[in-house]
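A quick write-up on the structure given underneath.
Laboratory data are not the source of any read-out in this text; all were calculated from the coordinates shown. Every value quoted in this text rests on a predicted model; they were computed, and no experiment measured them. Ideal geometry is used to build each Cβ from the backbone, glycine not excepted, and the neighbour counts take in all protein chains shown.
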Amino acid sequence: MKTQSPDKHLAALMTVEMICLSNERTFLTYLRTFMVLLSSGVALVKWEVLSKYEKVGYVFIVLSFITLAIGIYRFFAERRHIKYLEKHYREIQTL
């Protein structure tokens, strides 16, 4: 079996690192969305001036926690996939 050249192997590992950084950015986006929804929901619930939108505030609060749960799930699912890719590329290097 033919072995990969060092340049191709380095490019493959750099690709894995870029995917890892992308995964972290995506999680931070979910976290930012969670905080915006939560703070908006709390503001709508607590301010008496906006009392007619109180139900919308509760919906925002629930949606914020759903968003956070989805973000955490996707982060760890993608992290498992990244670890698999990294292991796969390291095994190819040893061949």
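Enumerate the lysines that residue 8 could reach by cross-link, defined here as Cα to Cα under 27 Å, with residues fewer than 8 away along the same chain left out.
Cross-link targets: 83, 87.
Nearest 500 deg cm²/dmol is fine: what mean residue ellipticity at 222 nm does the chain get from its DSSP H runs of n ≥ 4 alone, each adding -39,500 (n - 2.57), divided by its residue count? Could the numbers behind the result be given before it?
Details: 2 runs with 82 residues, N = 95.
Helices in the chain give a 222 nm mean residue ellipticity of -32000 deg cm²/dmol.
Once both axes come from the Cα atoms, what is the angle between helix 54-94 and the longest principal axis of the chain, in degrees from 0 to 90, rounded to 10?
10 degrees
Under 15 Å from the Cβ of residue 43, count the other residues' Cβ atoms, weight Lys and Arg +1, Asp and Glu -1, and hand me the total. Could the numbers behind the result be given before it?
Values: positive: 46, 52, 55; negative: 48, 54.
Neighbourhood net charge equals +1.
Take 29, 67 and order them by how many other Cβ atoms sit within 10 Å, fewest up front. Provide the component values of the computation, followed by the final result.
Details: 29 12, 67 20.
If I rank by nearby Cβ atoms, fewest first, I get 29, 67.
Across the Cα atoms of the chain, what radius of gyration and what greatest pairwise Cα-Cα distance (Dmax) are found, in Å?
21.2, 72
Which order results if 49, 62, 42, 16 are arranged by neighbouring Cβ count within 10 Å, fewest first? Each step should come with its number before you reach the end.
Numbers: 49 6, 62 12, 42 15, 16 18.
Placing the least packed residue first, the sequence is 49, 62, 42, 16.
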